[in-house]
């Protein structure tokens with residue numbers, strides 16, 4: 001049946017809602033009928049993929065519409081076309097069948113598809129005899145979606161997509177397209193509004209800002225050599241393993257000689273050996289997914305599946321992770337499922353409706369960051385984010401995710417005044433949709449990826465952040481670890497006080513041990529503590545220059561001896577003086593000064609002691625691994641506790657937070673015998689006075705007389721019983 005003129009007109013101007021019903025080969029009573037739009041062509045011959053001519057087509061419309069009957073059954077076609085003495089070939093995307101199948105439809109519709117990143121987005125595949133790219137995007141409320149890009153001169157009339165109405169997905173296979181082709185989606189809303197061109201939510205590569213197109217990409221790496229690393233972490237309980245994390249902003253850790261970002265390969269050459277030397281177990285990157293705005297540090301992410309083009313192509317990040325793993329270093333990435341920016345090319349009102357976000361600003365707008373909040377209760381949105389978490393683990397072998405702004409997700413009234421939020425069905429403030437989403441993410445990654453762990457940045461007293469999300473306790477979120485924000489606030493407040501006043505604030509240190517084992521904690525001294533006018537860590541310390549450095553050394557000793565995993569932001573390991581800025585490299589020249597090199601040496605030695613001494617890490621998350629020795633000596637500002645490994649090993653951690661040497665201090669110890677000094681933050685090699693205990697002390701009758709250096713922490717390891 002010949003279409004009416006209005007259908008043909010819609011086909012030619014790119015507004016027909018079902019172009020596959022009219023274009024390409026179709027079986028009919030007279031044989032296989034073909035219709036094709038071939039702009040600029042005067043003649044056209046339909047050919048099989050092997051070049052066999054199947055029949056000449058007639059130009060039935062001067063705007064480039066060709067029709068005709070060809071030999072053989074419907075099959076993938078290309079056209080040999082000509083005009084003005086020139087000839088060329090055109091691939092017919094409308095002659096290929098769909099790529100997605102019924103099982104995909106079922107799993108997508110149910111929201112249980114855990115390999116969606118292999119199905120949606122742009123994928124270079126071999127399909128029905130041809131190499132090309134399969135494009136698929138979720139836009140259920142759109143009237144029409146076309147893929148536009150370098151390969152079709154950004155002409156929306158060339159590749160309108162096939163609608164899979166049951167699941168709201170649009171797809172098309174475009175033969176002949178390869179990698180690194182820029183593309184976007186042209187979406188027409190249900191009301192006929194043509195939206196700004198949209199980047200691919202599932203795109204696995206993107207252009208360097210300020211350009212915003214997605215790029216076609218291939219699987220990033222096939223020759224991984226990190227089996228040993230992954231097998232090790234799959235077999236251990238991370239709560240009982242040493243975890244010391246070096247937090248890094250990839251754009252400012254170090255710059256090249258032109259003050260531009262290091263690419264991943266250059267970063268691997270410098271950062272991985274440095275982290276190995278420093279004794280950290282993991283690198284944690286601030287968000288590296290594609291984002292439009294540098295000063296957001298990556299926390300306003302739009303390309304969730306694409307490593308940022310600032311640091312080179314995606315495969316560079318895969319090589320970095322592989323290199324880190326081969327060197328024994330894990331890689332964590334900061335992940336932002338709480339919100340997204342509203343840039344026109346992104347997710348906001350993606351198909352003309354509030355698709356990824358809530359329509360009501362009381363649910364869908366984040367007042368702190370002027371961003372949109374994901375609609376966690378929508379199964380397709382939840383599936384999009386769950387798949388993103390799995391994607392980083394599977395495609396890039398990252399070892400874990402630090403999940404940003406969890407507290408903002410858990411509460412509907414977060415940063416909102418009365419009347420600016422909507423209670424849940426029970427009238428409460430809990431965002432149960434977000435809770436269910438977080439539980440689903442953790443169930444998925446822990447169930448699918450052995451050795452993987454998640455860390456929550458969660459600043460409230462929500463119960464059960466690190467309880468497994470496998471039981472009926474809906475509060476149990478299923479994270480592996482949680483940042484201990486209370487430790488950070490209380491202890492930094494204490495260290496900022498003049499030592500003469502610290503006796504009145506003794507509980508700033510002791511109080512945290514009341515809840516230190518309520519969750520599996522990470523002690524995080526992060527980027528948030530050294531920006532926005534807060535100054536650097538060393539400049540938070542009380543006193544003159546010498547005391548600031550001594551205080552920071554004592555603080556690091558206390559932190560590394562305190563129960564919990566460790567995290568330190570880059571630059572603080574050598575006492576960076578300036579506040580951190582994403583616009584410049586760290587001040588590496590400071591290492592030429594002995595006090596800064598001494599601080600770096602101390603952090604290195606603390607990491608070594610933490611990794612090599614089971615008593616300092618094996619019971620980080622278990623109360624039986626901790627024992628107070630001195631809890632109430634506020635007058636002397638002394639704190640002392642023992643750390644136990646569970647197999648007999650023991651380390652005593654003692655801090656003197658005054659500038660006075662305490663000589664012959666009676667220190668209770670859990671065992672008699674010889675205790676070897678394994679850390680003294682006042683050692684001369686670190687920039688201290690050199691006061692100490694000549695390497696060891698001997699305990700008798702449950703105590704030893706020790707020298708406590710000024711503004712210092714010492715660690716004593718029990719090595720043998722008294723003779």
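I need the full set of residues from the stretch 374-396 which are buried (at least 18 other Cβ atoms within 10 Å of the Cβ) and more than 22 Å from residue 204 (Cα to Cα), in order please. Walk me through it before giving the result.
Keep residues of the stretch 374-396 that are buried (at least 18 other Cβ atoms within 10 Å of the Cβ), which gives 374-376, 378, 380-396.
Scanning the stretch 374-396 gives 375, 376, 378.
Could you tell me which residue of the stretch 503-537 is nearest to the chain's Cα centre (by Cα), considering only residues that are assigned to a helix (DSSP H, G or I) and either in the same structural domain as residue 280 (by TED's automatic domain parsing) or in contact (Cβ under 8 Å) with a residue 60 or more places away in the chain (or both)?
527
Can you name every residue in the stretch 478-502 that is closer than 30 Å to residue 230 by Cα, touching a helix residue (DSSP H, G or I) at 6+ places or on another chain (Cβ under 8 Å) and without any contact (Cβ under 8 Å) to a residue 60 or more places away in the chain?
Within the stretch 478-502, just 478 meets the criteria.
Could you list all residues from the stretch 382-431 that are closer than 13 Å to residue 334 by Cα and either at pLDDT below 95 or assigned to a loop (DSSP other than H, G, I, E, B) (or both)? Please lay out each step first, then the result.
Step one: filter the stretch 382-431 for residues closer than 13 Å to residue 334 by Cα, giving 388-389, 392-393, 398-406.
Passing the criteria: 398, 399, 404, 405.
Kindly evaluate residue 137 against the criterion of being under 15 Å from residue 170 (Cα atoms) and part of a strand (DSSP E or B).
The answer is yes for residue 137.
Provide a single number: the residues in the stretch 208-266 that are at pLDDT below 95, touching a strand residue (DSSP E or B) at 6+ places or on another chain (Cβ under 8 Å) and crowded, with 18+ Cβ neighbours inside 10 Å.
Matching residues across the stretch 208-266 total 1.
Residues to consider are 62, 92; find the one that is out of contact with any helix residue (DSSP H, G or I) (no Cβ under 9 Å at 6 or more places or on another chain), surrounded by fewer than 16 Cβ atoms within 10 Å (Cβ to Cβ) and under 16 Å from residue 39 (Cβ atoms). Even if it seems obvious, please write down each step before you answer.
Numbers: 92 fails: surrounded by fewer than 16 Cβ atoms within 10 Å (Cβ to Cβ).
Criteria check complete, one pass: 62.
Take the conditions more than 16 Å from residue 122 (Cβ to Cβ), touching a strand residue (DSSP E or B) at 6+ places or on another chain (Cβ under 8 Å), outside the structural domain of residue 12 (by TED's automatic domain parsing) and free of Cβ contacts under 8 Å to residues at least 24 places away in the same chain and apply them to residue 194. Does it pass?
Details: more than 16 Å from residue 122 (Cβ to Cβ): yes; touching a strand residue (DSSP E or B) at 6+ places or on another chain (Cβ under 8 Å): yes; outside the structural domain of residue 12 (by TED's automatic domain parsing): yes; free of Cβ contacts under 8 Å to residues at least 24 places away in the same chain: yes.
The answer is yes for residue 194.
If we only count strands (runs of 3 or more DSSP E) wholly inside the stretch 670-723, which ones have 1 or more residues that are surrounded by 23 or more Cβ atoms within 10 Å (Cβ to Cβ), under 46 Å from the mean Cα position of the chain (by Cα) and assigned by TED's automatic domain parsing to the domain that holds residue 652?
Those strands (runs of 3 or more DSSP E) span 673-680, 703-708, 712-720.
What are the residues in the stretch 513-532 that are touching a helix residue (DSSP H, G or I) at 6+ places or on another chain (Cβ under 8 Å) and surrounded by fewer than 16 Cβ atoms within 10 Å (Cβ to Cβ), if any?
Residue satisfying the conditions is 515 alone.
Would you check if residue 464 is crowded, with 17+ Cβ neighbours inside 10 Å, in contact with a helix residue (DSSP H, G or I) (Cβ under 7 Å, 6 or more places away or on another chain), touching a residue at least 12 places away in the same chain (Cβ under 8 Å) and outside the structural domain of residue 658 (by TED's automatic domain parsing)?
Working: crowded, with 17+ Cβ neighbours inside 10 Å: yes; in contact with a helix residue (DSSP H, G or I) (Cβ under 7 Å, 6 or more places away or on another chain): no; touching a residue at least 12 places away in the same chain (Cβ under 8 Å): yes; outside the structural domain of residue 658 (by TED's automatic domain parsing): yes.
Considered against the rule, which asks whether it is crowded, with 17+ Cβ neighbours inside 10 Å, in contact with a helix residue (DSSP H, G or I) (Cβ under 7 Å, 6 or more places away or on another chain), touching a residue at least 12 places away in the same chain (Cβ under 8 Å) and outside the structural domain of residue 658 (by TED's automatic domain parsing), residue 464 comes out as no.
The values are calculated or read from the model by the stated rules, or taken from the named source; none is laboratory data. Since we're looking at a predicted model, the values are computed, not measured. Note: ideal-geometry Cβ built from the backbone for every residue, glycine included; neighbour counts use all protein chains shown.
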